[in-house]
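The values are calculated or read from the model by the stated rules, or taken from the named source; none is laboratory data. Keep in mind that this is a model prediction, so the values were computed, not measured. Positions of Cβ are backbone-derived with ideal geometry, glycine not excepted, and every protein chain shown enters the neighbour counts.
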Amino acid sequence: MQNIILIGFMGTGKTTVGRALASQLGMTQVDMDEAIVQREGRTIAEIFSDAGEAYFRDVESEVLLELVNREKLVITTGGGAVLREANRAIMLQKGLVIALDATEEEIVNRVKNDPDRPLLAGDPRERVRILKQERSGLYQFAPIQIDTTKKSLAHILEEIQAQMVTIKPSWEN
Ligand code: S3P
């Protein structure tokens with residue numbers, strides 16, 4: 001069985017949904033940011049401040065490549081994992097890609113107090129607005145698109161399952 005890869009802007013619910021989806025489908029959830037932190041032995045914020053974003057993106061691409069070559073994983077990506085065309089291509093090739101989205105307001109409420117999101121440092125509301133604009137369209141390559149705004153986890157899982165049924169034959173084997 002192919003992997004499932006969850007993409008989406010920060011705060012759209014990838015980790016929470018990924019965990020629940022994995023347990024529902026008997027798969028294993030692996031979070032790319034957690035894998036990066038483990039590998040580097042420092043937080044995301046530290047990697048950004050010590051080594052810079054370009055270095056973080058290189059590690060992110062390497063971790064993605066390693067994970068997609070395993071099986072039966074629900075891979076939850078960081079919001080910027082879609083920035084590189086090569087990453088988007090490998091995701092499509094190696095898994096069923098599901099994009100989560102939410103309104104700016106909901107995203108800000110979910111992420112505003114998290115000190116480990118360096119790209120939102122300063123004014124999170126403004127940063128979310130700018131980054132969302134810069135990245136508009138970058139999550140559209142996923143065949144499954146889910147808006148998580150004001151929806152319960154159960155509702156989101158139902159929507160994902162319903163959409164998966166329609167495309168299942170193309171990814172199951
Ligand atoms: C990032 C999103 C973060 C993390 C890093 C960069 C981004 O992951 O990878 O701070 O560029 O959108 P989450 O989407 O899990 O917050």
Output the residues belonging to segment 35-53 that are in a helix (DSSP H, G or I) and either β-branched (Val, Ile, Thr) or closer than 25 Å to Gln161 by Cβ (or both). Ile36, Val37, Ile44, Ile47
Which residue out of Leu92, Leu65, Leu73 is in contact (Cβ under 8 Å) with a residue 12 or more places away in the chain and crowded, with 17+ Cβ neighbours inside 10 Å? Leu73
Can you name every residue in segment 5-52 that is of a type in the set (Ser, Thr, Tyr), more than 15 Å from the chain's Cα centre (by Cα) and either modelled with pLDDT under 95 or surrounded by 15 or more Cβ atoms within 10 Å (Cβ to Cβ) (or both)? Thr43
How many residues are touching a strand residue (DSSP E or B) at 6+ places or on another chain (Cβ under 7 Å), of a type in the set (A, V, I, L, M) and more than 11 Å from the ligand (Cβ to nearest atom) when one looks only at segment 1-50? 7
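Report the residue count in segment 84-143 for those that are hydroxyl-bearing (Ser, Thr, Tyr), farther than 18 Å from Ile4 by Cα and within 14 Å of the ligand (Cβ to nearest atom).
Residues of segment 84-143 that are hydroxyl-bearing (Ser, Thr, Tyr), as a first pass: 103, 136, 139.
After this cut, where a residue has to be farther than 18 Å from Ile4 by Cα as well, the list is 103, 136.
From the residues that got through so far, the ones that are within 14 Å of the ligand (Cβ to nearest atom) too are 136.
Summing the residues that are hydroxyl-bearing (Ser, Thr, Tyr), farther than 18 Å from Ile4 by Cα and within 14 Å of the ligand (Cβ to nearest atom) in segment 84-143 gives 1.
Return yes or no: is Glu66 touching an Asp or Glu at 6+ places or on another chain (Cβ under 9 Å), more than 27 Å from Ile130 (Cα to Cα) and at pLDDT 95 or above?
Details: touching an Asp or Glu at 6+ places or on another chain (Cβ under 9 Å): no; more than 27 Å from Ile130 (Cα to Cα): yes; at pLDDT 95 or above: yes.
Taking the combined requirement at face value, the residue does not satisfy it.
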Please identify the pairs in which a residue from segment 107-121 that is closer than 15 Å to Gly8 by Cα has its Cβ atom under 7 Å from the Cβ atom of a residue that is away from the ligand (no atom under 11 Å from the Cβ) and part of a helix (DSSP H, G or I), counting only partners at least 6 apart or on another chain. Val108/Pro124; Val108/Arg125; Val111/Pro124
